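Values quoted throughout were computed directly from the atomic coordinates according to the rules given, and no laboratory measurement underlies them. Quantities reported herein were computed from a predicted structural model and do not represent experimental measurements. Here the Cβ positions follow ideal geometry from the backbone for every residue, glycine too, while neighbour counts run over all protein chains shown.
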Amino acid sequence: MGTGAITQYFDAAQVTLYAFWIFFFGLVYYLRKEDKREGYPMITGDADLTAIGFPPLPAPKTFLLRDGTSVQAPREGRPEVDYKATPAGFLTGAPSDPVGNPLQSASGPAGYALRADKPELTWHNDQTRLAPMRVATDHSFDEYSPNPIGFEVLGCDGIAGGSVKDVWVDREESVIRYYEVTVPDGKSVFVPVALVRVKESANQVLLATVTAKQIGEAPTIASPDQITWREEDQTQAYFASGQLFATPSRRESLI
């Protein structure tokens with residue numbers, strides 16, 4: 001028998017290979033089980049049918065969060081997104097057609113996660129990370145940059161849908177995250193700054209993803225001076241989905 005052989009048909013190389021296979025299978029099983037801590041059981045097109053698949057859900061584990069609170073995953077029950085869409089076909093897995101305002105449907109590009117309904121805090125947990133400049137008075141505009149407060153906000157149809165009331169800054173990174181826009185009915189909505197272009201020469205903020213009417217139908221927030229993780233996701237989903245949902249023509253193929 002050669003070096004490392006245990007028998008004529010079994011040697012150390014085979015033992016190493018089989019051990020690796022067993023370890024790798026165990027690793028894949030463990031990782032696949034751990035990634036089911038969020039989002040499971042999955043809810044299918046049939047409201048009465050849920051899916052877990054293989055492997056089964058892991059045992060609940062408690063996670064300690066940075067702010068001192070804790071959360072258990074997987075958890076018993078979970079809040080459900082207000083999903084407003086109907087299947088386009090009769091088969092399970094068929095695409096969905098939004099019902100009503102597609103930007104508010106939570107369907108397709110308008111989908112969002114129900115994150116914690118509390119504001120994100122700064123690293124030291126002493127104040128909210130995002131705040132309007134009327135509250136974050138230690139922030140100011142650069143003298144060479146435009147101050148958009150008071151500018152008209154135009155939708156993709158070229159019509160004014162409101163005016164900028166304030167801007168919300170990220171205290172950790174010292175950048176603007178949202179424009180707070182007052183719409184004709186007097187309420188305030190929040191436009192992600194990444195989706196706009198400031199036209200200083202005309203005192204305008206151009207928003208290409210939604211129409212003026214849709215700006216007024218955007219989600220609002222519960223508190224005037226803080227925005228929660230959940231409200232951020234809903235706001236971003238609403239305005240970003242307008243790239244495909246704002247007008248009927250955007251939902252059709254190019255050819």
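Results for (1) surrounded by 13 or more Cβ atoms within 10 Å (Cβ to Cβ); (2) touching a Lys or Arg at 6+ places or on another chain (Cβ under 6 Å), shown as yes or no for each residue.
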position	(1), (2)
VAL135	yes, no
SER140	no, no
PRO146	yes, no
GLY150	no, no
GLY155	yes, no
VAL164	yes, no
VAL167	yes, no
GLU172	no, yes
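Checked against the criterion of being out of contact with any strand residue (DSSP E or B) (no Cβ under 8 Å at 6 or more places or on another chain), in a helix (DSSP H, G or I) and touching a residue at least 40 places away in the same chain (Cβ under 8 Å), region 163-177 contains not a single residue that satisfies it. Set side by side, the residues ALA116, ALA94 differ, and just one is in contact with a strand residue (DSSP E or B) (Cβ under 9 Å, 6 or more places away or on another chain), closer than 26 Å to ASP170 by Cα and touching a residue at least 40 places away in the same chain (Cβ under 8 Å), which is ALA116.
Residues of region 236-255 that are within 16 Å of the chain's Cα centre (by Cα) and closer than 15 Å to SER96 by Cα: SER241 alone.
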